[in-house]
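The next block holds one structure in the form of structure tokens; read it before the comments.
The values are calculated or read from the model by the stated rules, or taken from the named source; none is laboratory data. All of these numbers come straight from a predicted model, not from anything done at the bench. Using ideal geometry, Cβ is built from the backbone for each residue, glycine included, and neighbour counts are taken over all protein chains shown. Ligands, DNA and RNA are stripped out before the accessible areas are found, and what is left, the full protein with its side chains, is counted by its heavy atoms. Shrake-Rupley method; radii C 1.70, N 1.55, O 1.52, S 1.80 Å.
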Amino acid sequence: MSDPHVPALSPATVVVAAGRPERAQGAPVNPPIVLSSTYVSQGVQQPGELLYTRMDTETWHPFEEALAALEGGEHPGVAFGSGMAAIAAVFSLVPAGGKVVLPRHAYQVTLGFADDLAARAGVEVVRVDVADTDQVVAALDGASLLLVESPTNPMLEVADLPALLAAARERGVLSAVDNTFATPLGQQPLAHGADVVVHSVTKYLAGHSDVVLGAAVARTAELTATLRSYRTLHGSIPGPFEVWLALRGLRTLALRVERAQANAAELARRLADHPDVVEVRHPSLPTDPGHERASRLMTGYGSILGVRPRGGAPGADAVVGAVRLWVPATSLGGVESSLERRRRFATESLTVPEDLLRLSVGIEDVEDLWRDLDRALDRALRAPAG
Ligand SMILES: *Cc1c(COP(=O)(O)O)cnc(C)c1O
């Protein structure tokens, strides 16, 4: 994949240049979408020959190659029908009766999946504070899998990924990083020693809140083959159009991430000084517990904010009800700014404050975003009762 005579391209170029069709006179600039469930074939299947779309189809390949290039992987990514399908494939690597180490704050369905494994397959699930390196390392004894998020959802704790991944490797523990929040532009977990990186492509990579998709990139050819085989056996495949849309979205990832991160850092700074705000969590703030680590390990600080307005959960709900430009919705990573109070879900971890709003900062003009939030805080928290 890498030619020593060609200098490595910057990620901002890779998102534009990777996964293009071969250049030939009259060839299209973008890969075509092939809508075919089966391929002409007879006799014994030759290596690389397409047979049936649940097994493989050419419309997946450009995206799978582009994501691997971005994550610094040597083997193509494996696209799945959703982020959870990719995460389920990773959990399938845990034997019955095995042990899994997970963040105490993480994507809710990931935690739910692990609980289900515990109930059905006798898997021991240990939830840790990923910011506490000693605690994570201590939990790794006898583990089969370490699955990390950094920054975590929705608390934005930052893990010392190189330290955790090295400790997992030394102990023969398989390691996976959910890189959805940071994106490969923010950090490349494979370079820090991860065995596999997973994404909810639904979020930043696709970036327009119009597609649900997942992907994994594995360190080795063996692990890549295992994940592909899982996808074929479980049928957890993406549709060709979804993958094509994700590649289209990926083309602007660098621009979107740059703008969204700048907006997020500016809003974090202003909200931290806002009289109606109790706490702001974002690694860009010098006072944030993850600031030093994120400055050292990440490029940028991401564009998710944790904000606790005055007035507890009712105050937070009132803010969500008062915004006009920000979209009250779950999910994140779209071009549009959105927000929600996480504890509105009964399944959210009880260590997440009841009044925590998770803000997904988009690419709009930052002054418009600020005015809407400021006005919503004012209206929600100063409105006369009744
Ligand atoms: C959304 C999300 C997922 C799940 O992805 P889907 O595409 O919704 O299945 C997993 N991890 C994180 C961090 C997410 O934000």
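Taking the chain as a Gaussian network, Cα atoms linked when under 10 Å apart, which of Gly214, Gly43, Gly122 shows the biggest mean-square fluctuation?
Its mean-square fluctuation being the largest, the pick is Gly43.
Once neighbouring chains are kept in place and the probe is 1.4 Å, which whole percent of the accessible area of the range 253-380 is contributed by carbon and sulfur?
53
If one computes P(r) from the Cα atoms of the range 72-199, what percent of pairs lie at distances over 24 Å?
Tail of the P(r) past 24 Å holds 18 percent of the pairs.
For the range 109-246, give the percent of accessible area contributed by carbon and sulfur heavy atoms, probe 1.4 Å, rounded to a whole number.
Values: 2480 of 4580 Å².
Here carbon and sulfur together make up 54 percent of the probe-accessible area.
Compute the separation of the alpha-carbon centres of the range 261-317 and the range 39-71 and state it in Å as a whole number.
The distance from the Cα centre of the range 261-317 to that of the range 39-71 comes to 43 Å.
Using only Cα positions of the range 253-380, each an equal point scatterer, no hydration layer, compute I(q)/I(0) via Debye at q = 0.10, 0.11, 0.12, 0.14 Å⁻¹ and quote the log10 values to two decimals.
For the range 253-380, the Cα-only Debye profile gives -0.28, -0.34, -0.41, -0.56.
Using the Cα centre of the chain as the reference point, and only Cβ charges (+1 on K/R, -1 on D/E), how large is the resulting charge dipole? Debye, rounded to the nearest 20.
460
Which log10 I(q)/I(0) values, to two decimals, does the range 182-330 give at q = 0.09, 0.15, 0.21 Å⁻¹ under the Debye formula with one point per Cα?
-0.39, -0.96, -1.33
Using 20 Å as the cut-off for backbone N distance, which residues of the range 351-372 belong to the label zone defined by a point 7 Å from the Cα of Leu325 along Cα→Cβ?
The answer is 357-372.
With all protein chains present, calculate the accessible area of Phe113 using a 1.4 Å probe and round the result to the nearest 10 Å².
Rounded to the nearest 10, that gives 60 Å².
What does the charge dipole of the range 174-293 about its Cα centre add up to, to the nearest 20 debye, if the Cβ of each Lys and Arg holds +1 and the Cβ of each Asp and Glu holds -1?
It works out to roughly 400 debye.
For the chain, how big is the tail of P(r) above 37 Å, as a whole percent of Cα pairs? Spell out each step's value before the answer.
On the way: 16580 of 74305 pairs.
The proportion of pairs with Cα distances above 37 Å equals 22 percent.
Given a 1.4 angstrom probe, what's the average accessible area per residue across the chain, in square angstrom? Walk me through the numbers before you get to the answer.
Details: 16820 Å² over 386 residues.
With the other protein chains kept in place, the chain gives 44 Å² per residue.
Give me the orientation-averaged projected area of the Cα convex hull of the range 10-103, in nm², one decimal.
Computing the convex hull of the Cα atoms and averaging its projections yields 10.0 nm².
Across bins of 10 angstrom width beginning at 0, how are the C-alpha pair distances of the range 290-338 distributed, in whole percent?
21, 39, 29, 11
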